[in-house]
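Structure, as structure tokens:
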Amino acid sequence: MSNRGMRQKILSLWVVLLTVCLWAQPSSAKKTEKAAIRRAKKLMVSSFDRSLPNVSLEFFLRNEGGGAPIKWEVNDCGEQIENLATDRGHDSPMCVEADFDVKDRAAVTILVSVGTFKGGPSGVPALWRVTITLSGISRPVRHLGDLPMELHRPAPRLPRDLPVPVGALIGPNQGRIDPPRCN
């Protein structure tokens, strides 16, 4: 075999290896994300709030959301890295976020910590945050057990017709007080 033929075979082998490595990389990350989401869905809500029944998070959210579709995704729990130089070895927490809309009037976001990005889904899961958005106003829900009450609370009433401010009725030349004239 000539040098040229050998070079082509080695180059072809490198291209194949590089392609396989690049293809396998996202697959591993996707497997970790799927495992984290599966873990979060199976968590018992009673482990977050003793007042809740012993049912899975997925069942609880589907029930409270009236069957609304739930979007599940993995993220870094909203953690911000302050200094890249000192935080280079830092392992960010891994959260699973569940989002759903209820009756076109409320949006719910729940973040559950299920591990770290380097360590994967492990350790004791923790409820990171529960937020409900009603009429464009977001507010935290302190306990997961308070979510049903918050979802069934009537929407806040916003002022519809505010009175016109007094100064707004006066035009540019109206309301001007001219000095008294002496005749």
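The values are calculated or read from the model by the stated rules, or taken from the named source; none is laboratory data. Worth saying up front: this structure is predicted, and the values here are computed from it rather than measured. Counting neighbours? That spans all protein chains shown, and the Cβs are built from the backbone with ideal geometry, glycine included. Surface areas here come from the heavy atoms of the whole protein model, side chains and all, with no ligands, DNA or RNA. Shrake-Rupley method; radii C 1.70, N 1.55, O 1.52, S 1.80 Å.
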Total residues in segment 132-150, condition assigned to a strand (DSSP E or B) and open to solvent by 30 Å² or more (accessible area, probe 1.4 Å): 5
Residue within segment 162-176 that is at pLDDT below 75, closer than 21 Å to Leu61 by Cβ and surrounded by 10 or more Cβ atoms within 10 Å (Cβ to Cβ) present: no
Only listed residue being modelled with pLDDT under 90 and surrounded by 11 or more Cβ atoms within 10 Å (Cβ to Cβ), chosen from Gly89, Gly78: Gly78
Per-region count, segment 45-59, residues open to solvent by less than 40 Å² (accessible area, probe 1.4 Å) and in contact with a strand residue (DSSP E or B) (Cβ under 9 Å, 6 or more places away or on another chain): 6
Subset tally (residues that are closer than 12 Å to Leu144 by Cβ and among the aliphatic types (A, V, I, L, M)) for segment 29-64: 7
Single residue of segment 37-71 satisfying the filter (under 21 Å from Thr116 (Cα atoms) and not in a helix (DSSP H, G or I)) that is modelled with the lowest pLDDT: Phe48
Whichever residue in segment 95-113 is out of contact with any helix residue (DSSP H, G or I) (no Cβ under 8 Å at 6 or more places or on another chain) and either part of a strand (DSSP E or B) or among the small types (Gly, Ala, Ser) (or both) and, among such residues, is nearest to Ser47 (Cα to Cα): Ser113
Residues being modelled with pLDDT under 85, of a type in the set (A, V, I, L, M) and within 28 Å of Lys41 (Cβ to Cβ) - total across segment 114-161: 2
